Every structure is written in C-alpha cells, then in structure tokens.
Amino acid sequence: MKKGLYNLLCILFFGTSYSQFYTDPLKVKLDSVFSSINQNDPGGYIYVQMGNQILYYKQFGIADIETKKQFDDYTLVNLGGLSKTFIAYGILILQQEGKLNLEDSILKFIPDFKIKTSPKK
C-alpha cells in the first residue's frame, strides 16, 4: 500500500513539474519574430486562431501617441478601412466552399441592388 502511494505521489510530482518546462514552439517562434517591435512605437494586436483555438495573442506598442498609453486587453481599436479586407477574405472563403463565383453579378445575391451607371454620351 505504501509503495503504491509513494509511486502515485512520484508520478503526480514529476508529471506536473515536467509540464512546467513545456513551451509551445509556435509561441516561441512568434515571440522571437515580434520581439523586435519597439514598445514606444504605435502598436496593435497580434492574434492567431485556428478553428476555435487561440494559438497566439499579444498586444504591443503605444495605443495613444499623445498620452503614451500602452495597448492592453481593454484597448478599443477602430478598424475603419480594414472592413473591406475582411469582406474580401469572407468572399474568398465562400468561393473556396463553392458557394459563389467571383464572376457572379451582385444581382444574383441581392436582386434589388441598384447599380449606378455613368450617363451615356
């Protein structure tokens, strides 16, 4: 009985102590790539996700140049001109899934859409 308990305690102790030394190779590589970013320059977020799993997340640099406030988990960011990029990415995903063709007219999906045309001369 004592030997079994001793073995169990050894497994628990060494099993948990080993896991503390494990570091994700992707995180190590991304940290080395982004370590050169100057924390006093304008910054942003780095977010890598595969499926439902967040693989890497980090904020860096200054969020407000005037106050020198650093980016943190609660910093709001105006995506502004990036919305077109996300829409294009979504369209390309739909094309890969065979749900649309890039040559299709917008009228196929939104029949009431009014297309402005230049006046004929």
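Taken together, the values in this text are just the output of simple stated rules run on the coordinates, not laboratory data. Note that the structure is a prediction, hence the values are computed from the model and not measured. Every residue, glycine as well, gets a Cβ built from its backbone with ideal geometry; the counts of neighbours run over all protein chains shown.
Multiply the residue gap between ILE115 and LEU76 by 0.36 nm, knock off their C-alpha separation, and tell me the result in nm, one decimal place.
Working it through step by step, the gained length comes to 10.5 nm.
Report relative contact order for region 38-121 in percent, whole number only (criteria: Cα-Cα under 8 Å, sequence separation at least 6).
16
Two decimals is fine: what is log10 I(q)/I(0) at q = 0.26, 0.29 Å⁻¹ for region 23-72, from a Debye sum with one equal scatterer on every Cα and no solvent?
Per q value, in the given order, log10 I(q)/I(0) is -0.96, -1.06.
Work out from phi, with θ = phi - 60° and the Karplus expression 6.51 cos²θ - 1.76 cosθ + 1.60, the ³J(HN,Hα) of each residue of region 68-75, listed in order in whole Hz, and give x for Gly and Pro.
6, 5, 7, 5, 9, 5, 10, 6
Counting other Cβ atoms within 10 Å of each Cβ, which trypsin sites (Lys or Arg not before Pro) in region 52-94 have at most 16 and sit in a DSSP loop?
The qualifying sites are LYS68.
Spelling out what I want: for every residue of region 100-108, take phi, set θ = phi - 60°, compute 6.51 cos²θ - 1.76 cosθ + 1.60 (Karplus), and round to whole Hz; glycine and proline get x.
So the J values, rounded to whole Hz, are 7, 10, 5, 8, 5, 6, 4, 5, 5.
List the residues, sorted by chain then number, that are 5 or more residues from LEU55 or on another chain and whose placed amide H is less than 5 Å from its amide H.
Long-range HN contacts for LEU55: VAL48, GLN49, MET50.
Straight-line reach from LYS58: which aspartates and glutamates fall under 19 Å, measuring Cα to Cα and dropping same-chain residues less than 8 apart?
By straight Cα distance, LYS58 reaches ASP24, ASP31, ASP41, ASP72, ASP73.
Residue separation times 0.36 nm, minus the C-alpha to C-alpha distance between TYR47 and VAL33: what's the value?
3.7 nm
With contacts defined as alpha carbon pairs under 8 Å and 6 or more residues apart, what's the relative contact order of region 23-72 in percent?
Relative CO of region 23-72 lands at 30 percent.
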